[in-house]
Amino acid sequence: QVQLQESGPGLVKPSQTLSLTCTVSGGSISSGSYYWSWIRQPAGKGLEWIGRIYTSGSTNYNPSLKSRVTISVDTSKNQFSLKLSSVTAADTAVYYCARDASFVEMAFDYWGQGTLVTVSS
Amino acid sequence: DIQMTQSPSTLSASVGDRVTITCRASQSISSWLAWYQQKPGKAPKLLIYKASSLESGVPSRFSGSGSGTEFTLTISSLQPDDFATYYCQQYNSHTWTFGQGTKVEIK
């Protein structure tokens, strides 16, 4: 059973960079059959896709966040990471990582439990 | 960018009711549409992919239909465990977009 777990600071100061890591277990991130995505959800609001990465390092980003987002992968650790720069209070949200089954189901079939990141001084 | 519009935003229903949620895309997305269920404090759960395919382990009372720009999620007989928020999701040009969500409440 594939499992994903987000980790990182729960509090980030305005203008700084938010950094999160997603650790994948129960399957190899290098399998080549999946992308790996980040999604966020402000309290009481809907879901927003942030971006994704393939095992090769190829990325796609939400155009509205593209200038501030970097997603990377570390296959040796079976992890992928998110960096979001120049954060403001509007970036306060629960951040999820998910397995992006674009080659098979065209959907996100496994999700992490989510981690709350608050942007505040 | 393709916009996804879900309706209604909130739906009040009773156990046993047949419930239908609609998702409209601003342009054709073929059948590249998924549906998720989310309960408070939990991650979304995949219900339907490619518009009408039922994810493994999901009860058969859930079904999806549609193609092009209009899609529906139907719950044939609403159960107590089904009170939640439902999201549609589309894929186009290497990006994903979610609908704004439909909250299914107890009537």
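The values are calculated or read from the model by the stated rules, or taken from the named source; none is laboratory data. Source: prediction; values computed, not measured. Heads up, the Cβs are rebuilt from the backbone with ideal geometry, glycines too, and the neighbour counts pull from every protein chain shown. To get the accessible areas, we keep the full protein, side chains included, count just its heavy atoms, and leave off ligands, DNA and RNA. Shrake-Rupley method; radii C 1.70, N 1.55, O 1.52, S 1.80 Å.
List of remarks:
- Non-local lysine pairs in the protein assembly as shown, meaning eight or more places apart or on different chains, with alpha-carbon distances under 20 Å, amount to 10.
- Normalised by residue number, the volume inside the convex hull of the Cα atoms of the protein assembly as shown is 112 Å³ per residue.
- Neighbourhood net charge (13 Å Cβ-Cβ; Lys/Arg +1, Asp/Glu -1) for A:P63: 0
- Computed label-point distance, nm, for sites A:S67 and A:A43 using a 7 Å Cα→Cβ extension: 2.8 nm
- Charge sum, other residues only, whose C-beta stays under 11 Å from B:Y91's C-beta, Lys/Arg counted +1 and Asp/Glu -1: 0
- The share of accessible area on the protein assembly as shown that comes from carbon and sulfur is 46 percent, using a 1.4 angstrom probe.
- Taking all Cα pairs closer than 8 Å and separated by 6 or more residues, the relative contact order of the range B:30-107 comes to 28 percent.
- Relative contact order (percent, whole number), the range B:1-56, Cα cutoff 8 Å, 6+ residue spacing: 26 percent
- Between A:I53, A:S81, A:V12, the Cα set farthest toward the positive side of the dipole of chain A (charges on each charged residue's Cβ, about the Cα centre) is that of A:V12.
- With protein chains left intact and a 1.4 Å probe, residues in the protein assembly as shown average 44 Å² of accessible area per residue.
- As a length-normalised measure over Cα pairs under 8 Å and 6 or more apart, the relative contact order of chain A settles at 35 percent.
- Label-reachable residues, the range B:88-107, where backbone N falls under 18 Å from a point 7 Å from B:S67's Cα toward its Cβ: B:90-92
- Rounded to 0.05, the FRET efficiency of the A:S25 and B:S14 pair, given R0 = 41 Å and the Cβ-Cβ distance, is 0.50.
- Euclidean distance between Cα centres, the range B:77-98 to the range A:35-75, Å: 18 Å
- Computed from the C-beta positions of B:Q27 and B:K107, the FRET efficiency with R₀ = 35 Å rounds to 0.50.
- Size of chain A from its Cα atoms: along the principal axes, largest to smallest, the extents are 40, 27, 26 Å.
- Both numbers refer to the Cα atoms of chain B; Rg and Dmax are 12.9, 40 Å.
- Where a label projected 7 Å from the Cα of B:K39 along Cα→Cβ would reach, residues of the range B:60-96 with amide N under 13 Å: B:79-85
- Around the Cα centre of the range A:1-118, unit charges on the Cβ atoms of Lys, Arg, Asp and Glu (plus for the first two, minus for the last two) sum to a dipole of about 320 debye.
- The protein assembly as shown, dipole about Cα centre (Lys/Arg Cβ +1, Asp/Glu Cβ -1), debye to the nearest 20: 300 debye
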